[in-house]
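Structure record follows, encoded as structure tokens.
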Amino acid sequence: MPQIEFAEPPADKQSLEEGRTLSPRFDANGLVTAVVTDARDGMLLMVAHMNAEALALTIETGIAHYWSRSRASLWKKGKTSGNVQNVTELRVDCDQDAVWLSVNVAGHDATCHTGRRSCFYRTVELGNGIATLRDDGAGPLFDPAKVY
């Protein structure tokens with residue numbers, strides 16, 4: 001179990017936005033949004049969620065932990081795949097309801113469960129009033145069927 005306990009968010013906006021106390025504003029489900037980028041080049045790798053335990057473990061260990069909404073469980077990124085995310089910097093946004101992790105990815109240097117480096121490998125295009133998805137050509141770096 002993590003040792004960090006977070007302070008309740010202050011009632012006044014000034015203290016929340018300018019203060020030095022980490023007091024995450026977890027949503028009704030007990031989660032904050034986590035945006036994850038590559039420390040080397042800033043590429044957006046993924047967006048996930050953290051509960052208090054995941055955030056505390058991330059801070060304490062330096063390894064990214066998340067809350068899996070689909071599995072309703074704590075998730076240490078890379079535990080199964082080997083693509084561990086080592087946190088180089090963790091930032092909180094102005095009203096402390098989102099965090100930004102800058103990470104170095106071990107293993108295959110892939111973050112997405114599809115085997116790709118980033119979960120954002122498709123672009124949205126509009127043609128004839130229909131939105132479609134186009135793959136950006138960034139193929140898998142590993143075979144997910146062999147890893148998961």
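Looking across region 1-21, the residues that are in a loop (DSSP other than H, G, I, E, B), loosely packed, with under 15 Cβ neighbours inside 10 Å and not small (Gly, Ala, Ser) come down to Met1, Gln3, Ile4, Glu5, Glu8, Pro10, Asp12, Arg20, Thr21.
Of the residues Thr37, Thr33, only one is β-branched (Val, Ile, Thr), surrounded by 16 or more Cβ atoms within 10 Å (Cβ to Cβ) and closer than 26 Å to Gly107 by Cα; which? Steps first, answer last, please.
On the way: Thr33 fails: surrounded by 16 or more Cβ atoms within 10 Å (Cβ to Cβ).
Result: Thr37 is the single residue among Thr37, Thr33 that is β-branched (Val, Ile, Thr), surrounded by 16 or more Cβ atoms within 10 Å (Cβ to Cβ) and closer than 26 Å to Gly107 by Cα.
Please determine, by comparing only the residues of region 77-97 that are of a type in the set (D, E, K, R) and surrounded by fewer than 17 Cβ atoms within 10 Å (Cβ to Cβ), which one is modelled with the lowest pLDDT.
Lys79
Go through the residues of region 62-71 one by one and say whether even a single one is touching a helix residue (DSSP H, G or I) at 6+ places or on another chain (Cβ under 6 Å), among the hydrophobic types (A, V, I, L, M, F, W, C) and either more than 29 Å from Lys146 (Cβ to Cβ) or surrounded by 15 or more Cβ atoms within 10 Å (Cβ to Cβ) (or both).
Among the residues of region 62-71, at least one is touching a helix residue (DSSP H, G or I) at 6+ places or on another chain (Cβ under 6 Å), among the hydrophobic types (A, V, I, L, M, F, W, C) and either more than 29 Å from Lys146 (Cβ to Cβ) or surrounded by 15 or more Cβ atoms within 10 Å (Cβ to Cβ) (or both), which makes the answer yes.
Taking (1) at pLDDT 95 or above; (2) surrounded by 12 or more Cβ atoms within 10 Å (Cβ to Cβ); (3) farther than 16 Å from Leu45 by Cα in turn, Leu133 satisfies each apart from (2).
Yes or no, residue by residue, for (1) modelled with pLDDT of 95 or more; (2) in contact with a Phe, Trp or Tyr (Cβ under 6 Å, 6 or more places away or on another chain); (3) within 19 Å of Cys119 (Cα to Cα); (4) of a type in the set (Asp, Glu):
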| residue | (1), (2), (3), (4) |
| --- | --- |
| Arg25 | yes, no, no, no |
| Asn29 | yes, no, no, no |
| Ala39 | yes, no, yes, no |
| Leu44 | yes, yes, yes, no |
| His49 | yes, yes, yes, no |
| Ala64 | yes, no, yes, no |
| Arg69 | no, no, yes, no |
| Trp75 | no, yes, yes, no |
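Scanning region 22-41 for residues that are in a loop (DSSP other than H, G, I, E, B) and of a type in the set (Gly, Ala, Ser) gives Ser23, Ala28, Gly30, Ala39. Scanning region 57-93 for residues that are under 23 Å from Phe142 (Cα atoms) and in contact with a Pro (Cβ under 7 Å, 6 or more places away or on another chain) yields a count of 0. Of all residues in region 42-85, those satisfying the criterion of being among the small types (Gly, Ala, Ser), within 19 Å of Pro2 (Cβ to Cβ) and not in a strand (DSSP E or B) are Ala52, Ala54, Ala56, Gly62, Ala64, Ala72, Gly78. Scanning region 86-125 for residues that are within 16 Å of Leu55 (Cβ to Cβ), part of a strand (DSSP E or B) and charged (D, E, K, R) gives Glu89, Arg91. Within region 1-28, work out how many residues are free of Cβ contacts under 8 Å to residues at least 24 places away in the same chain and polar (S, T, N, Q). Qualifying residue count, region 1-28: 3.
The values are calculated or read from the model by the stated rules, or taken from the named source; none is laboratory data. Model, not experiment: these values are computed from the prediction. FYI the Cβ positions are ideal-geometry reconstructions off the backbone, even for glycines, and counts take in every protein chain you see.
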